[in-house]
């Protein structure tokens, strides 16, 4: 039996040339930059997006973690940022609101007076590594803890409530300094947890043995001194989110 020959394409019919031409056209297409960053959760799902310029300007400490992809038939440039574990979608949306609005009150969407939401957001900022976000939240919580009638005094009930939530570690050494200068008697009588009392005792010894090394009362510091002592931007040699200055400089 004779079989019917299968017709195959050959270079003679110009198909190879057509393929090369098509590939050249694909490579020659302009690349369109959407100018946004897709913020993803730990599973890789897109949660929201922010303008690229905002991300580069206001999250400069994490820009190094941006990923770039060119997708689709239109050669779209996509920037993505994937969050680490433990962060939930609302955490990422709150951060996005901060990057766009640059206002903590707006970012927390009416949850500002909730110490829990603000202190959790500070913990999230630490996990993200965004020092501007951290500093803005430190400033908010610090103001929130001041006595409304006398800013030089601590609002003890609010402070103790914050400490009971378990998020105070985001404030670094500020809680211990506040306890030492404003609520030492309560610490001595066992009001705070054991670990907190130990840290307070440690800096209290410095108060007598090395006064210059003992943390000053945070409520007594000027804005510049507070920035230099407690803000985190200088740990990455970045300017303050408010003044755009490095501590100790005029620029």
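Bear in mind that the values in this text are calculations on the coordinates, not laboratory data. Just so you know, these numbers come straight off a predicted model, no measurement behind them. Neighbour counts run over all protein chains shown; Cβ positions are idealised from the backbone, glycine included.
Points worth noting:
- Nearest-0.05 FRET efficiency for residue 43 and residue 101, computed from C-beta distance (R0 30 Å): 0.70
- Once the convex hull of all Cα atoms in the stretch 85-200 is built, its volume per residue stands at 105 Å³.
- Estimated FRET transfer efficiency when R0 is 22 angstrom, pair residue 217-residue 246 (beta carbons, to 0.05): 0.35
- Considering only the stretch 28-102, percent of DSSP beta bridges that pair antiparallel, nearest 5: 60 percent
- Förster-model FRET efficiency, 35 Å R0, residue 93 and residue 224, C-beta, rounded to 0.05: 0.60
- Rg over Rh [alpha-carbon atoms, Kirkwood Rh] for the stretch 186-251: 1.10
- Overall, the ratio between the Cα radius of gyration of the stretch 28-102 and 2.2 N^0.38 Å, rounded to two decimals, is 1.12.
- The ranking of 243, 48 by Cβ neighbour count inside 10 Å, starting from the fewest, reads 243, 48.
- Extension gain from residue 82 to residue 156, taking 0.36 nm per residue of separation minus the Cα-Cα distance: 22.8 nm
- Put in line by how crowded their Cβ is, counting other Cβ atoms within 10 Å and starting with the fewest, 106, 189 read 189, 106.
- Spacing of the two label points (7 Å from each Cα toward its C-beta) at residue 109 and residue 75, in nm: 3.8 nm
- Spacing of the two label points (7 Å from each Cα toward its C-beta) at residue 66 and residue 201, in nm: 4.9 nm
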